[in-house]
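Below is one structure, written out as structure tokens; the observations come after it.
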Amino acid sequence: MAQRISIGFHASPPLSLRVEDAALKKLQKALADGDGWHELASEDAAVTLKLEHVLWLRVETDDQRVGFGA
């Protein structure tokens, strides 16, 4: 299942992506392990991150909805 995530950095706007659960788990492990580079596969592209510049990771819990009432 794909998750919507946002990644915050020191000096740039957040990056929003949709990633599979396995890719999210690998990213969380890489962030916990420390510095270096990490390649993240998303639905649209592969993104290479310099982990020391990542400030936060946000994982959306609900589907985003547009419109009135849901």
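Model label sites at ARG18 and VAL47, defined 7 Å from Cα along the beta-carbon direction, differ in position by 1.4 nm.
Scanning residues 5 or more positions from SER42 or on other chains, those with amide H under 5 Å from its amide H are VAL47, with H placed 1.01 Å from N in the peptide plane.
Once you sort the root eigenvalues of the Cα gyration tensor of the stretch 2-59 as a ≥ b ≥ c, which label holds: rounded (a/c under 1.5), prolate (a/b larger than b/c) or oblate (the other case)?
Values: a/c = 1.58, a/b = 1.21, b/c = 1.30.
Here the stretch 2-59 falls in the oblate category.
The slack in the chain from ALA2 to ASP33, taken as 0.36 nm per residue of separation less the alpha-carbon distance, amounts to 8.8 nm.
Throughout, read-outs are computed from the coordinates displayed, never taken from laboratory work. Quantities reported herein were computed from a predicted structural model and do not represent experimental measurements. Neighbour counts are summed over all protein chains in view; Cβ atoms, including those assigned to glycine, are modelled from backbone coordinates with ideal geometry.
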